[in-house]
Amino acid sequence: MRPSKEHIRQSSLQYKKSLGQHFLYDDDLLAQLVALAQVDGETDVLEIGPGAGTLTKHLCESAHHVLSLEMDERLIPLLGAYMEPYGNFSLVQGDAMAVDLPAVTACLRRPFAVVANIPYYITTPLITRLLTSGLPLTRLCLMVQREVADKILSQPGDDGWGMLAVRCQYATVPEKLLDVPAACFTPPPKVDSAFIGLTVRESPAVQPVSEADFFQIVNAAFALRRKTMVNALCACLRLERPEALSLMGAAALDERVRGEKLTLEELCKLSDAWTALQAAKEARP
C-alpha cells in the first residue's frame, strides 16, 4: 500500500469545494487520529466522507470492521480499488444527511463508533442527526473547525454556549483530542481544525420529564440570546408574562437571567416546569 500523500497525488483528484473536500495525507497524523479515537480490533466503525481513503486505510488496519459512507460517486471506484486489500472494509454511496442510517449500518456490530473527517458545512446538522438517530453509538470522533470544537466545549455564559454545546453535553462527554493546522490538509482549508471525541453517555447528563420539552426550552433560550429568559419564553412559547414568570419561579430562577447563562440543570428545571404547566392546562375541564 503506497503512502497516503503519494496516493492522493497519483489519483489526480479534482476536489469539489461544494462538498467541502479537504483530505489528510500525513500517515503519522492519520495513525495518531485512529489511536486517539481508541479504535482497536473490537471496534466497528462508521466513517462518513472517506474521500480518498487515507483515513479509511488506517482505520481498517486497527478496527474489526469499517463501513464508509461516501456521497461523491466519483470517488467510489477509486475507494474500491484502493481499499481492495482490506477484507474488513465495506462501502456505501450515499448522503449521510439523507440515507436511512439504521439500515445502512445494519452490518456493523452493536454498539459502534463514528470516526470521520467530515465536510465542515454539515458539522452541526450531522452531529445533531447522529445524536438523535437512535443509533447504538459508543463514541463520535470527528474532525471539525477549531471554532466549532470550542463551541462544543463552551460553558454557560460563554459566547459559544448554544444549542450545539447543550446537545453535545447532554448526550455525550466531549473533549478536544488534537489541534490540526490547515496545512495538514490538501487542499488546505481557510481555518485550522480540531479532532474531537464525543463519548456517548449511558444516560443523559440531566433527566428531563420530557426530552422534547427540554429542547424546546433550550431553543427558546438561544433564539433571543440578548433577551431575558422571561421575554424568550413569551416570544417562543407564546406565553403571557405572568405565566413566564410563574415558570421561572417554579424553576427557582431569577426573572432577570438570560437564557445564555443557564446551565443544563437549570434548563432541565425550567423544562420540567413547562411540562407540568402544559399537563395542568390539559387537565382543566
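The values are calculated or read from the model by the stated rules, or taken from the named source; none is laboratory data. Just so it is clear, the structure is predicted and the values come from calculations on it, not from any experiment. All Cβ positions, glycine included, derive from the backbone under ideal geometry; neighbour counts span all protein chains shown.
Number of residues in region 117-144 that are modelled with pLDDT of 95 or more, in a strand (DSSP E or B) and not hydroxyl-bearing (Ser, Thr, Tyr): the value is 7.
Looking across Arg167, Arg146, one residue alone is touching a Leu at 6+ places or on another chain (Cβ under 9 Å) and not polar (S, T, N, Q). It is Arg167. A single entry from Pro136, Pro119 fulfils the requirement of being in the same structural domain as Val66 (by TED's automatic domain parsing) and over 15 Å from Ser68 (Cβ atoms): Pro136. Being under 14 Å from the mean Cα position of the chain (by Cα) and hydroxyl-bearing (Ser, Thr, Tyr) is the filter; apply it to region 135-182 and report the residue that is farthest from Ala37 (Cα to Cα). Per the stated criteria, the residue is Tyr170.
May I ask you to say which residue of Leu198, Leu164 is in a helix (DSSP H, G or I), in contact with a Lys or Arg (Cβ under 7 Å, 6 or more places away or on another chain), more than 18 Å from Lys269 (Cβ to Cβ) and at pLDDT 95 or above? Residue meeting the stated conditions: Leu164. Among the residues of this structure, Glu147 counts as one that is in contact (Cβ under 8 Å) with a residue 24 or more places away in the chain, among the charged types (D, E, K, R) and in a helix (DSSP H, G or I). Scanning region 39-84 for residues that are of a type in the set (A, V, I, L, M, F, W, C), closer than 18 Å to Leu177 by Cβ, touching a helix residue (DSSP H, G or I) at 6+ places or on another chain (Cβ under 7 Å) and not in a strand (DSSP E or B) yields Val39, Leu55, Leu59. When you check Leu91 against the structure, is it over 15 Å from the mean Cα position of the chain (by Cα), crowded, with 18+ Cβ neighbours inside 10 Å, in contact (Cβ under 8 Å) with a residue 12 or more places away in the chain and in a strand (DSSP E or B), yes or no? Judged against the criteria, Leu91 is a match. The numbered conditions (1) modelled with pLDDT under 95; (2) surrounded by 14 or more Cβ atoms within 10 Å (Cβ to Cβ); (3) within 25 Å of Arg167 (Cα to Cα) are all true for Asp72 except (3).
The helices (runs of 4 or more DSSP H) found wholly in region 211-285 and carrying at least 2 residues that are among the acidic types (Asp, Glu) and surrounded by 18 or more Cβ atoms within 10 Å (Cβ to Cβ) occupy 264-283.
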